[in-house]
Amino acid sequence: MGLAVGDALGAPLELMGRERIRQLYGRVTEMLGGGWLRLEPGEYTDDTEMTLVLARSIVERGRFDPEDVVRRFVQWLATEPKDVGITTRTALTKVRDGMPWEEASRRTHEELGGKSASNGGLMRSPPIGLLDARNEAALVQDSLISCRLTHWHDAAAWSCAALNLAIAALVRDTPKDELLPWLLPRVDNQAVGEALERMPELAIGSVRASGYAVDCLQAAFWSYYTTDGFEDALVTVVNLGEDTDTAGAVCGALAGAAYGYDAIPSRWRDALTGREEIIDLATRIYELATKQ
């Protein structure tokens with residue numbers, strides 16, 4: 001729910017700079033709707049749509065099954081969603097045309113000149129952080145694979161693993177001041193590790209919620225770390241501008257894991273499209289997690 005709320009809150013601001021947001025709205029605190037995708041208030045983007053595809057697969061299969069997930073992603077692409085990232089579309093089109101997902105993802109990475117570290121894997125990964133919360137080795141492996149279904153770059157994959165490790169720690173009630181010391185030794189990627197290590201000392205002018213997964217992860221963590229509650233964290237991150245739907249989704253997942261469902265403002269929860277299914281899927285993944 002935190003992820004979906006953050007996506008819907010940030011989506012109308014996507015591609016705007018923070019100064020443009022200030023000029024148009026002051027400081028955004030409500031579900032506005034609109035934006036370049038012409039969304040209704042409370043409507044989310046491909047970030048949540050792909051997250052729900054992953055979540056449905058986990059619930060129906062009882063585990064993370066990469067082949068089932070990528071098949072469902074291809075089916076989702078065929079519905080002509082409002083927005084699909086270039087890397088995601090390219091990789092899934094190759095899979096649709098008969099290429100195994102590993103080859104499709106690797107070739108997409110090569111065709112893009114090695115620039116497959118965009119946010120498309122990160123935004124959809126949090127269901128694995130809940131599913132594997134009690135199994136760290138499975139969490140890391142599943143997170144890396146879930147990203148590489150479409151985004152082959154190591155920094156993108158480890159951004160997903162770092163996010164899900166943090167989610168798992170937070171749902172186990174790890175205090176905020178203990179999270180980074182626990183997390184950093186577990187991140188086996190220099191770019192991701194350095195971004196998280198620098199994060200607490202950054203001034204707002206140095207925080208970028210860009211389409212680069214490492215930037216987006218850093219902005220989400222920074223917004224969680226420099227605030228004191230779910231609403232404050234989400235308002236902070238979406239007003240940074242740039243890739244606001246994904247930054248909102250990632251920060252929402254972190255803050256949701258830290259503060260819990262009841263901390264999400266009711267005015268945001270009530271406005272959210274499809275909230276009943278989201279709650280049901282989260283509950284059923286939690287039940288799977290407790291059986292591990």
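Taken together, the values in this text are just the output of simple stated rules run on the coordinates, not laboratory data. Keep in mind it's a predicted model, so treat the numbers as computed, not measured. All Cβ positions, even for glycine, are placed from backbone atoms using ideal geometry, and neighbour counts span all protein chains on display.
Numbers for the structure displayed
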| read-out | value |
| --- | --- |
| Members of region 3-40 found to be assigned to a helix (DSSP H, G or I), of a type in the set (Lys, Arg) and out of contact with any strand residue (DSSP E or B) (no Cβ under 6 Å at 6 or more places or on another chain), listed by number | ARG20, ARG22 |
| Matching residues in region 266-283 - criterion: being in a helix (DSSP H, G or I) and crowded, with 16+ Cβ neighbours inside 10 Å | TRP268, ARG269, ALA271, ARG275, ILE278, LEU281, ALA282 |
| Qualifying positions in region 61-87 - surrounded by 13 or more Cβ atoms within 10 Å (Cβ to Cβ), in a helix (DSSP H, G or I) and out of contact with any strand residue (DSSP E or B) (no Cβ under 9 Å at 6 or more places or on another chain) | ARG61, PRO66, ASP68, VAL69, VAL70, ARG71, ARG72, PHE73, VAL74, TRP76, LEU77 |
| Filter result for ALA169 (crowded, with 18+ Cβ neighbours inside 10 Å and out of contact with any Gly (no Cβ under 7 Å at 6 or more places or on another chain)) | yes |
| Given (1) surrounded by fewer than 24 Cβ atoms within 10 Å (Cβ to Cβ); (2) within 26 Å of THR88 (Cα to Cα); (3) β-branched (Val, Ile, Thr), index of the condition THR227 fails | (2) |
| Residue among ALA255, ALA263, ALA249 that is surrounded by fewer than 21 Cβ atoms within 10 Å (Cβ to Cβ) and aliphatic (A, V, I, L, M) | ALA263 |
| Residues that are crowded, with 18+ Cβ neighbours inside 10 Å, out of contact with any strand residue (DSSP E or B) (no Cβ under 8 Å at 6 or more places or on another chain) and either more than 22 Å from VAL235 (Cβ to Cβ) or not small (Gly, Ala, Ser) (or both), drawn from region 194-219 | ALA195, LEU196, MET199, VAL207, ARG208, VAL214, ASP215, CYS216, LEU217, GLN218 |
| Output for region 217-249, where each listed residue is charged (D, E, K, R) and within 23 Å of ASP46 (Cβ to Cβ) | GLU242, ASP243, ASP245 |
| Any hit, region 130-146, residues being under 23 Å from LEU52 (Cα atoms), surrounded by fewer than 17 Cβ atoms within 10 Å (Cβ to Cβ) and either in contact with a Lys or Arg (Cβ under 7 Å, 6 or more places away or on another chain) or of a type in the set (Asp, Glu) (or both) | yes |
| So ALA233, is it surrounded by 20 or more Cβ atoms within 10 Å (Cβ to Cβ) and either of a type outside the set (Lys, Arg) or touching a strand residue (DSSP E or B) at 6+ places or on another chain (Cβ under 9 Å) (or both) | yes |
| Test set (1) charged (D, E, K, R); (2) in contact (Cβ under 8 Å) with a residue 40 or more places away in the chain; (3) assigned to a helix (DSSP H, G or I) - GLU43 fails condition number | (3) |
| Answer residue from region 100-156, given it is acidic (Asp, Glu) and either touching a residue at least 12 places away in the same chain (Cβ under 8 Å) or outside any helix (DSSP H, G or I) (or both) and is farthest from ARG61 (Cα to Cα) among those | GLU111 |
| Given (1) within 21 Å of VAL214 (Cα to Cα); (2) touching a Ser or Thr at 6+ places or on another chain (Cβ under 6 Å), index of the condition GLU43 fails | (1) |
